Amino acid sequence: MRHIAIVGSGPAGYYTAEAALKQWGDSVRVDIFDTLPVPFGLIRSGVAPDHQSIKGVSRRYETTALTDNVRFVGNVMAGRDVSIAELQDLYDAVVLATGAPNDRKLGLPGEDLPNVFGSASFVGWYNGHPHFAGLDPALSHDTAVVIGNGNVALDVARILAKSQEEFAGSDIVAHALAALDASQVRRIAILGRRGPHQIAMTPKELGELAHLSRACPRVDPADLPDEAEDAALDPGQRKSVGHLRTFAAAGPCADRDVAIEFDFFASPRAILGNGRVEEVEVERTRLEAGPSGVRAVGTGETYRIPAGLVIACIGYQTSQIPGVPFDEKGGRFANEDGRIHPGLYCVGWARRGPTGTIGTNRPDGFAIVEKIAEDIGEGSGKAGRPGFDALAESRGIHVIKFTDWQKIDEAEIANARKGAPREKFVAMERMIEAAGKN
Ligand SMILES: Cc1cc2nc3c(=O)[nH]c(=O)nc-3n(C[C@H](O)[C@H](O)[C@H](O)COP(=O)(O)OP(=O)(O)OC[C@H]3O[C@@H](n4cnc5c(N)ncnc54)[C@H](O)[C@@H]3O)c2cc1C
């Protein structure tokens, strides 16, 4: 028998469990730990609440979760409730699938001013992640600045721009819905250091901006390269840039209340304000060919955007865990193709950093199971599940099982406002209570 502990119940964790079941069938036992009482990582707390079809992937994980050989062990934080060394004593392999939950810092003066947030906290706020539910961003100024040119920046801009009616059918949490209803934000500036050809925004997400009821995207035609140059782009990028061209051609659309302005060649230099953000100082850039692609260099020309809210969507890093080697530069665990050392592995964002879609984590999970198979053979008679259960009992840890999560799930569905799929619990205690553990 092989005993495997997977730390993290997001896509990477569940794909690894799925691969372990395929590899070993009945001769493996997998425990999937999560610090939260609810599973599925960023599917629940990252993927936008108005993108329900994407969240539907969790049903696939449910199939894995409900097999006898896999357990969800929620409400247990590795590195706090149980150490990695302890898990390694109990399981033949420990796989860290902990994602990359921390915002990368901008490294700018003023970034610690109130109402300047990273996307992990802002997205966590509107998605009801218990760590960020109390964020309480002020949406009282007419301008918000969103820094970054990837899909997360698009999510954030879209959520800020939508009307209440457009959240019908979403699982945006009640506190965010109420705050957005009262929001005064009418201009959302999306800053990108480079130009339209360098965006990391996918066509579907970009195209959505053209269909918002009270908001409209604006692109300065002067920022677009000559159309003939689009031929050098890959098809997806070409489609995305095509959307930007359409936005530019449509003009400023004066009939809409909210403008989503793409500000290309714009590098934030400082966040200014007295007790709270009031302005963002930006330097104009130009592109220069560098050894690793096109990079933005400052032109010396600066300008200021008056703004009451700043959200940096510039990437994430993995949380460090005591005793696990960390790659500071990459912001992830130090590893070689997922192997930290025999017996200890990482997958998903904890291995690669914050890149790729949900599906990208699947091959990761399968590849790591091959490595584990090479390292652990038939297993070495470790204690596995009963060993962990004894430890948890001795420490008074309230483990949340998958069947407990199903009770939380049912309660959330029952609490849904009309037309919504669920109303999430946003406090750990409420989740644990709904699981019947208190
Ligand atoms: C805002 C946002 C929107 C996105 N939207 C999309 C989209 O629309 N489509 C798409 O394909 N991809 C999207 N992605 C990317 C996708 O979410 C990731 O590819 C995927 O979630 C990464 O999976 P993961 O398992 O590595 O990490 P995560 O999903 O982050 O899961 C990590 C899990 O580990 C747990 N954990 C962390 N530390 C510990 C610990 N010490 N002990 C126990 N448990 C721990 C966490 O609670 C979490 O459940 C989005 C990402 C973000 C940030």
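Pairs of lysines in the chain whose Cα atoms sit within less than 14 Å of one another amount to 6, provided the residues are eight or more positions apart or on different chains.
Multiplying the sequence separation of Asp26 and Thr63 by 0.36 nm and subtracting their Cα-Cα distance, what value in nm do you get?
Working: separation 37, 0.36 × 37 = 13.32 nm, distance 1.55 nm.
Length gained between Asp26 and Thr63: 11.8 nm.
For Gly46, no residue whose modelled amide H falls within less than 5 Å of its own remains once neighbours fewer than 5 places apart on the same chain are excluded. Rounded to whole numbers, the Karplus 3J(HN,Hα) couplings from phi for segment 369-382 are 5, 4, 5, 4, 4, 4, 7, 9, x, 9, x, 10, x, 6 Hz, using 6.51 cos²θ - 1.76 cosθ + 1.60 with θ = phi - 60°, and x at Gly and Pro. For Ala270, the amide hydrogen comes within under 5 Å of the amide hydrogens of Glu281, counting only partners 5 or more places away or on other chains and with H modelled in the peptide plane.
This model, with +1 at the C-beta of Lys and Arg and -1 at the C-beta of Asp and Glu, gives segment 34-89 a dipole about its Cα centre of some 280 debye. Computed about its Cα centre, the charge dipole of the chain is approximately 220 debye, with only Lys, Arg, Asp and Glu carrying charge at their Cβ. Each residue, Ser292 and Phe326, gets one label point 7 Å from its Cα in the Cβ direction; the gap between the two is 2.0 nm. Between Glu86 and Ser163, the C-beta separation translates, for a Förster distance of 41 Å, into a calculated FRET efficiency of about 0.25.
Between Ala250 and Asp136, 0.36 nm times their residue separation minus their Cα-Cα distance comes to what?
On the way: separation 114, 0.36 × 114 = 41.04 nm, distance 3.51 nm.
Gain on extension, Ala250 to Asp136, equals 37.5 nm.
Amide H contacts of Ile6: Asp31, Ile32, Phe33, Val95, each under 5 Å away and 5 or more positions distant or on a separate chain (H built 1.01 Å from N in the peptide plane; Pro and chain starts excluded).
Given segment 103-312, what percent of its DSSP beta bridges are antiparallel, to the nearest 5?
Details: 17 of 40 bridges.
Taking every DSSP beta bridge with both residues in segment 103-312, the antiparallel ones total about 45 percent.
Expressed per residue, the C-alpha convex hull volume of segment 1-150 stands at 141 Å³.
With r defined as the distance between the Cβ atoms of Ala222 and Ala367 and R0 fixed at 51 Å, what FRET efficiency is calculated, to the nearest 0.05? Efficiency at R0 = 51 Å is approximately 0.65. For segment 161-303, the calculated P(r) over all alpha carbon pairs, in 10 Å bins from 0 to the bin holding the longest distance, is 10, 33, 35, 19, 4 percent. Averaging the Cα positions of each part gives two centres, and for segment 272-290 and segment 351-384 these lie 41 Å apart. Full extension of the chain between Arg385 and Arg304 yields a length gain of 23.4 nm, computed as 0.36 nm times the residue separation minus the alpha carbon distance. Legend: calculated FRET efficiency, Met77 to Asp181, from the Cβ-Cβ distance at R0 = 22 Å, rounded to 0.05, equals 0.05. Using Cβ point charges alone (K and R +1, D and E -1), the dipole size of segment 166-316 about the Cα centre works out to roughly 180 debye. Considering only His129, Gly275, Ser292, and ranking their Cα positions along the charge dipole of segment 103-312 that arises from unit charges at the beta-carbon of Lys, Arg, Asp and Glu, the one farthest toward the positive end is Ser292. Using a simple spin-label model with pseudo-atoms 7 Å out from Cα toward Cβ, Ala231 and Glu410 lie 6.3 nm apart.
Cysteines in the chain lacking any other cysteine Cβ under 4.7 Å from their own Cβ: Cys313, Cys346. The separation of segment 77-107 from segment 4-30, counted between C-alpha centres, amounts to 16 Å.
Bear in mind that the values in this text are calculations on the coordinates, not laboratory data. Bear in mind that the values here come from a model prediction, so they are computed numbers and not experimental data. Heads up, the Cβs are rebuilt from the backbone with ideal geometry, glycines too, and the neighbour counts pull from every protein chain shown.
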